[in-house]
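Below you'll find the structure, written out as structure tokens, and then a few comments.
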Amino acid sequence: MTENGVIEGRARQLPPEYQQKVLDYIDSLLLDIQKEKIVKPNFSWAGGLSDIQDDVFSLQKKALLWRDTDEVSD
């Protein structure tokens, strides 16, 4: 008998209120698995532009130009 068959067979032996508890527990396990897959940001990029001496407005203008032309130049 496979593990799925064992789980189903044992769950069928339980009273309905316990079957609901089993379903709730399975749902909580599935949520835990989904939470493990989420990668938290590490902010390794922080301070990456600290060496740039331009003011905010010139950087914003350059960013708009780079976005529109797909070219990066100073």
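The values are calculated or read from the model by the stated rules, or taken from the named source; none is laboratory data. As the structure is a prediction and not an experimental result, all values here were calculated from the model. Heads up: the accessible areas ignore ligands, DNA and RNA and are worked out on the full protein's heavy atoms, side chains in. Shrake-Rupley method; radii C 1.70, N 1.55, O 1.52, S 1.80 Å.
For residues that are open to solvent by less than 100 Å² (accessible area, probe 1.4 Å) and of a type outside the set (A, V, I, L, M), tally how many sit in the range 19-40.
Initial filter on the range 19-40 (open to solvent by less than 100 Å² (accessible area, probe 1.4 Å)): 19-20, 22-24, 26-33.
Cutting the leftovers down to of a type outside the set (A, V, I, L, M) gives us 19-20, 24, 27-28, 32.
So the count comes out to 6.
For the range 1-18, which positions are in a loop (DSSP other than H, G, I, E, B) and open to solvent by less than 100 Å² (accessible area, probe 1.4 Å)? If you could, list the steps in order and put the result at the bottom.
Of the range 1-18, the ones in a loop (DSSP other than H, G, I, E, B) are 1-2, 13-15.
Those that are in a loop (DSSP other than H, G, I, E, B) and open to solvent by less than 100 Å² (accessible area, probe 1.4 Å): THR2, LEU14, PRO15.
Restricting attention to the range 19-74, the residues being part of a helix (DSSP H, G or I) and of a type in the set (Ser, Thr, Tyr) number 4.
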